[in-house]
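Worksheet for the structure shown next.
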Amino acid sequence: MRLRIPLAIAASLVLPSIVDAAPITGHWITHKSKAVVRISQCGPGLCGQIVWLRQGVDSKGQPVRDIRNRNKSLRGRQVLGLTTFSRLFPSGPGRWSGVMYNPDDGRTYNGSLILTGANSIRVEGCRSGGGACGKRNWTRARK
């Protein structure tokens, strides 16, 4: 007699092991392929840094700056090389939580990176102090 495992049950047994085995570190292509963020070890936690931008220069041919930052003194810094995730620590299976900065709106968020597969993560964040929340799916960049 052959043992048959329904596909849904088999997938539920395989996916957690893929998520547990896959590292979250590496290069990730953001929503709408606007940037690539490198997730790496930074001190005791993980951080994320912008390492590529689709539009790396402005209309004058100058590097794109962090012009929407709420802190006016930081608006002159370049977006390329900017740390967008910091103090990311494990907060559950396949999940890391910490602080996120979005140069598109100049806001800081409390958020999480959730590994949803070996080559996919979901980025979730809510404005610091409460308020609007959002989520985006990213894919791992190929080597």
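The values are calculated or read from the model by the stated rules, or taken from the named source; none is laboratory data. What you are looking at is a predicted structure, and each value in this text was computed from that prediction instead of being measured. Note that we place each Cβ from the backbone using ideal geometry, even for glycine, and neighbour counts take in every protein chain shown.
Worth a mention:
- Of all residues in the range 75-94 being crowded, with 16+ Cβ neighbours inside 10 Å and either aromatic (Phe, Trp, Tyr) or farther than 25 Å from Arg65 by Cα (or both), the one that is nearest to the chain's Cα centre (by Cα): Phe85
- Among the residues of the range 21-43, the ones that are within 16 Å of Leu88 (Cα to Cα) and either free of Cβ contacts under 8 Å to residues at least 24 places away in the same chain or among the aromatic types (Phe, Trp, Tyr) (or both) come to 7 in all.
- Glu124 meets each of the listed conditions (1) touching a residue at least 12 places away in the same chain (Cβ under 8 Å); (2) closer than 22 Å to Arg140 by Cβ; (3) loosely packed, with under 14 Cβ neighbours inside 10 Å apart from (3).
- Every residue from the range 55-109 that is among the basic types (Lys, Arg) and free of Cβ contacts under 8 Å to residues at least 12 places away in the same chain: Lys60, Lys72, Arg75
- Subset of the range 100-143 (residues that are at pLDDT 95 or above and aliphatic (A, V, I, L, M)): Met100, Leu113, Ile114, Leu115, Ile121, Val123, Ala141
Residues checked against (1) surrounded by fewer than 20 Cβ atoms within 10 Å (Cβ to Cβ); (2) in contact with a strand residue (DSSP E or B) (Cβ under 9 Å, 6 or more places away or on another chain):
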{"site": "Trp96", "(1), (2)": "no, yes"}
{"site": "Val99", "(1), (2)": "yes, yes"}
{"site": "Gly106", "(1), (2)": "yes, no"}
{"site": "Leu113", "(1), (2)": "no, yes"}
